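Throughout, read-outs are computed from the coordinates displayed, never taken from laboratory work. Every value quoted in this text rests on a predicted model; they were computed, and no experiment measured them. With ideal geometry, Cβ positions are generated from the backbone for all residues, glycine too; neighbour counts draw on all protein chains shown.
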Amino acid sequence: MSSNNEPAQSRTSYFKLNEFLSNVKHYKNTFKGEIQWCNNLSLNDWKTHYLQITSTGALTHSIDELTADSTNIQPIIKHLQQCRIEIIKDKHSSFKDINANCNFIIQVNTSGKDNKVYLRVKSWSDFKKLLTCLIWWSSMKTNGIFNKFQVSRPLEFKSKKMAKPESLLVYKLNVFGPIVKNIVLPPATNILESPDIINNDDNSVGWFSAMGVLKSNGMLDLLLQSDGSLIYSLNISQLLRSEIRILDSSVLQSENSLFLGELPLLRSQLGLEKFRIENIASAATNSSDISQEIIVEFPLRIDLEDCFIALQSFARSEYLSITGSDKSNDMKISNSFKISILEANFQSINLNDKNNTPWSIFTDITAWGHTWARTSMVSNSSNPFWREEFQFNELLRLTNSYLEIKQLFHDLNNKKRLRLIGKIKITQEIINDTRYNKETRLPIMDVDNKNFQIGTICIKISSNLNFILPSTNFVKLEKLLMNANLSMVSNLIYKSSSSMENDNKLTQTSIIFLDIFQSLSRIEEWFHVLIDKELAKIDGTVSRINQKNLDSKHVFNSLFRGNSILTKSIEQYFFRVGNEYLSKALSAILKEIIESNKSCELDPARVKEKDEVKKRKIIADNYKRLYSWVTKIWKRLYATSNDLPIEIRNVLKIFRQKLEIICIDDTLQIILNGISGLLFLRFFCPVILNPKLFKYVSQNLNETARRNLTLISKVLLNLSTLTQFANKEPWLMKMNNFIDKRHNDLLDYIDKMTQKKLDFNSKILNLSSTISRPKLAIEQTMLDDLPQIPYLLDKNLRETEFVNLIVNFSQEDMTKMEKYNHMDNGGKGELIEEEGLLSGSSLNLSVDKKDLDSPIEVKPEIGELEFEKITENNTEIFGDDLMNLLKSDDVGSRSRDLDNGANSGIKFNSIIPKAEEEKHAMKELEQESCLLYNRINHIRKRLSGYECASSTLFEDKKYSISLSHKIFYEEIKEGKEIVLKLLNKPTNENSSARLQKFFTKGVSSKSNNTVGDSYCKFLTIDVSDENPKSSNKTSVHGTSSENGAKDDYLTLPNSQGKGNLGNRFSPTKLSRIMRKPPNADVSKEQNSRKLTRWFKKKKETGGS
């Protein structure tokens, strides 16, 4: 036997897997016992106390034995969640019997103030119980909702055995990516500049054309169009969904470009490993030297949409999750925000270089080290004006986004030099700060001297952060919306639209309902209802005016000229379905007008010429030019009438039919005013007035171009209503001749647009709506949680926003009713139940506005996640108490009648009139919205706090096994039992512990895929010499590294630790990935490739 201070080298200690599982099951995540502990190992000031790890993750101590009545309990570490554990060989143990006693010290590290403690127990039994408990808490996540991110496992390839993967989509592409040696790549079919977002300074990347083939196993093959030979392949399952991004058109001047590639800073934010593009074509080329990102440009927008959704289905999703919770409780975030960059001021500094080289200034919006949007370039101005806005829809929190103001010099040799003038960090807190909802001027500091201000920039930011449940939670809500009376739904909006402070809120509300009913294929019904609402208001106004014997024609003259739910919905819908039409019909003409830079001004006061004869000559030339441009645009619109999307014509048809019913006198003029207000004022003219806003041109318009387009719009608007120019603008009276000549054409055009007569014009624009789209061979359950095709509508996001709106409307209605209740001190004020919004369902559902990452503790409850199993009826989730709050007595009895009627086969209409049925359905819709609202807030609150396990998780054997894999051990088989042998100084010779890499399609390492492989970071073990003189650090497979460390340290990595376990995946998935075969089946000498084949064989034969 060794001396007291010298451990026995022959001592062998086993930690059986079954014992670990038994400890989890019986002791759960708690511990009680007498333990020695200290805060500083070098001081050797060990204290012997009674220690306890509570069910909420607190490590406490007491001098006296712990009982139920103990009062003198002090915390050591308040929260053990996400702690880091190291096991150290105790060479100075005070325990005498080395063979019987445990001689290891457990070091526990957390991110709090008192973040380190050393624990020592006497018996091996207590050591294993304590270690089991600490391993459990190390897997729980700390507070802050954004600390709960997880990443899904790649989508598995499901096909028949030995079958080749199928081709899902095939496209012709322009690709910006690695140029593979020894392959002659054809040039791109569309001339595009090299994007600055690719960080390469050599000729190893460039544009070329290729065929893209997406296969059912998630591989995207890029092929030569000439012979179909492979250029290289990308494994999409290695990408995150945030790494598949539609590029803003400002970057490449193309709306159909897609970015695919690794974003290292984003992965670092999530603690993930790298991947690389897999070069299959050339074995001589080292795939580790290839660029890790590409850009693909599609010929059509519909191709981009289809491919984007298909790629997203194979990529790994980022989501928020509570450990052990049901999948229906997972949440994704929608971090949507809009940045408007108005102008900058650099007048205090000189931006010219010493050679007075011509230059331009612009601003890049960057995130995770890449540029995703860019303003136009303003030449040689120290006060650049942009007024451009950029929309972003992120799935993650932004941690390192910047506004980078840059200066581009054009040398005499036509070489470009780029200079970074300054940059401003845009954090998630700034994005969500309502102070930036209005125009705000921010200082620009010098890049080299952070204390020196060189200018200012004016920006505005609006944002919307939503937490979205999986689609299974919205099944009942969608059924209710499919059958809801849309007139009652519209009542909710119109009652609250008067309280909407600005057009932005009105627009956002309109988009929510527009997207929902478009995704449910009820969009025409929705427009029917909205038009009825607007016309009913107008009819009431006309009636009141007529009662006073006044003229009411002016009411119809201004039909749909103001902002409302209808007009905002029309704007969004028409542009969504008609964007391609506008681009192909008008963009070329508008570019021609702008590039000509010749004035069409007819106002003598605006013509800067003193000589009257010359001025008249200039105005005459301008008149000819204006007449020519207006004629060209009108002829284009008239000739392409049959190309205008049928969706727009259907809405105009509905509108005309409604007008003809309510209008008796002067019907034609009223119809012209109405069609003009919808089609010309809100569809054609906005694009003509500001083509840059709609991204049909890239540069800001000068004064001449702006004035020309304004005059053209004025003439077209007057033509649309057959209104003559008069004394208000006498200089435009010359254009009345144009209006008179097109009188019959305009009436014919309106009849075709409203489908009053057949349109025999040929379709000449070849719009993508005439092309049949392939049906994606992807599981519907996967597609339900992705944006919908066409137009990439995020239905789950809109349904979440709908739920929030309904609850807010209910709160507003409750506030009004309370106000009316207290209107009379005698209580005589009566509550009047208004149509469409039922008082019985109004709840005071307050939202906690605290910062989502607030360190304020949320006290968890054990077993709080028992509601996790989603059902169609949310009553089962929240119980009867909340339901009783939502239901009034009469509704409850009515519900019972409904159920009885359904069960007996009696039709609803035979018991309750249709109006009552619709009223009940509306109340049920509000009730379901309130339930979902509470469910979202409940889960969000749990995600914000410190993570604690549900009681059912302790019974989950698979999860416990996954936790056991955080221990470094040698797995050996003794009889029928698998034993985890704690290793003192493991080497490649005496250890058979191996892990399979998660990214199986990435770059393979030259060495065996064992623990310590530089490409395998799911488990990192540091075992080293405690002697400070030693400088060699031995890894598991016997290799040496430069840095020394202490002897006999065994590191159990934290689930979020960088370079260790990375981001922790779903426990069951992680367990499946890391499960190892017994030694009887796999020899110690087998390499990682053979081990992978073993996994495949076991999987195919049903082995475990």
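Check each of the chymotrypsin sites (Phe, Trp or Tyr not before Pro) in segment 356-452 and keep only those in coil by DSSP with at most 15 other C-beta atoms within 10 angstrom; list them in order. List each step's numbers first, then the result.
Working: sites: Trp359, Phe362, Trp368, Trp372, Phe385, Trp386, Phe390, Phe392, Tyr402, Phe409, Tyr436, Phe452; in loops: Trp368, Phe452.
Answer in residue order: Phe452.
Fewest to most neighbouring Cβ within 10 Å: what's the order for Arg942, Arg625? Intermediate values should be presented prior to the final figure.
On the way: Arg942 21, Arg625 18.
Ordered by Cβ neighbours within 10 Å, fewest first: Arg625, Arg942.
Across segment 676-686, in residue order, what do the Karplus-derived ³J(HN,Hα) couplings come to in whole Hz, using 6.51 cos²θ - 1.76 cosθ + 1.60 with θ = phi - 60° and x for Gly and Pro?
After applying 6.51 cos²θ - 1.76 cosθ + 1.60, I find 4, x, 9, 7, 7, 5, 10, 10, 6, 5, x Hz.
A 29 angstrom limit on the alpha carbon distance is what I want to check against. Which of Lys584/Lys775; Lys591/Lys756; Lys568/Lys775; Lys354/Lys438 exceed it?
On the way: Lys584/Lys775 26 Å; Lys591/Lys756 34 Å; Lys568/Lys775 32 Å; Lys354/Lys438 39 Å.
Correct reply: Lys591/Lys756; Lys568/Lys775; Lys354/Lys438.
Gap in Å between the Cα centre of segment 207-263 and the Cα centre of segment 359-415?
Value for the Cα centre distance between the two parts: 25 Å.
Name the shape class, rounded, prolate or oblate, that the alpha-carbon gyration tensor gives for segment 331-468, where a ≥ b ≥ c are the square roots of its eigenvalues, rounded holds for a/c under 1.5, and otherwise prolate holds if a/b is larger than b/c and oblate otherwise.
Details: a/c = 2.28, a/b = 1.91, b/c = 1.20.
Prolate shape, in that a/c is at least 1.5 and a/b is the bigger ratio.
For a quick check of your reading of the filter: which trypsin sites (Lys or Arg not before Pro) in segment 558-617 sit in a DSSP loop and have no more than 11 other Cβ atoms within 10 Å? Intermediate values should be presented prior to the final figure.
Numbers: sites: Arg561, Lys568, Arg576, Lys584, Lys591, Lys598, Arg606, Lys608, Lys610, Lys614, Lys615, Arg616, Lys617; in loops: Arg561, Lys598, Lys608, Lys610.
Here the trypsin sites (Lys or Arg not before Pro) that fit, given the DSSP loop and packing criteria, are Lys608, Lys610.
At a Förster radius of 41 Å, what calculated FRET efficiency corresponds to the Cβ-Cβ distance of Gln74 and Asn451, to the nearest 0.05?
Values: r = 46 Å, r/R0 = 1.12.
The pair Gln74/Asn451 has a calculated efficiency of 0.35.
If I model a spin label as a point 7 Å beyond the Cα along the Cα-Cβ vector, how far apart are those points for Ser125 and Asp603 in nm?
In this crude label model, Ser125 to Asp603 measures out at 9.6 nm.
Over 30 Å between C-alpha atoms is what I'm after, so list which of Lys416/Lys692; Lys479/Lys533; Lys450/Lys695; Lys632/Lys795; Lys692/Lys714 land there.
Numbers: Lys416/Lys692 25 Å; Lys479/Lys533 24 Å; Lys450/Lys695 35 Å; Lys632/Lys795 40 Å; Lys692/Lys714 19 Å.
In this structure, Lys450/Lys695; Lys632/Lys795 exceed 30 Å between Cα atoms.
Glu429 versus Leu21, label points 7 Å from Cα toward the beta carbon: distance in nm?
4.7 nm
If the limit is 20 Å between Cα atoms, which of Lys28/Lys129; Lys78/Lys141; Lys128/Lys148 go over it?
Working: Lys28/Lys129 10 Å; Lys78/Lys141 14 Å; Lys128/Lys148 28 Å.
Listed pairs above 20 Å: Lys128/Lys148.
Can you list the GluC sites (Glu not before Pro) in segment 463-537 that are in a DSSP coil and have 11 or fewer other beta carbons within 10 angstrom? Don't skip to the answer; put the middle values down first.
Working: sites: Glu478, Glu501, Glu524, Glu525, Glu534; in loops: Glu501.
Filter output for segment 463-537: Glu501.
May I ask you to compute the full-extension gain from Arg773 to Lys632, defined as 0.36 nm times their residue separation minus their alpha-carbon distance, rounded to one decimal in nm?
Values: separation 141, 0.36 × 141 = 50.76 nm, distance 3.34 nm.
Difference between extended and current length: 47.4 nm.
So what is the relative contact order for segment 321-416, in percent, with contacts set as C-alpha pairs under 8 Å and at least six apart?
Details: 153 pairs, mean separation 35.4, N = 96.
Here the relative contact order equals 37 percent.
Arrange Glu947, Glu955 by Cβ neighbour counts within 10 Å, fewest through most, would you? Walk me through the intermediate numbers first.
Working: Glu947 24, Glu955 12.
In increasing order of surrounding Cβ atoms, one gets Glu955, Glu947.
What nm distance separates the two modelled labels at Leu420 and Asp503, each placed 7 Å from Cα along Cα→Cβ?
For the pair Leu420/Asp503, the computed spacing is 3.7 nm.
Taking other Cβ within 10 Å of each residue's Cβ, how do Phe760, Phe31 sort, fewest first?
Final ranking by Cβ density, sparse to dense: Phe760, Phe31.
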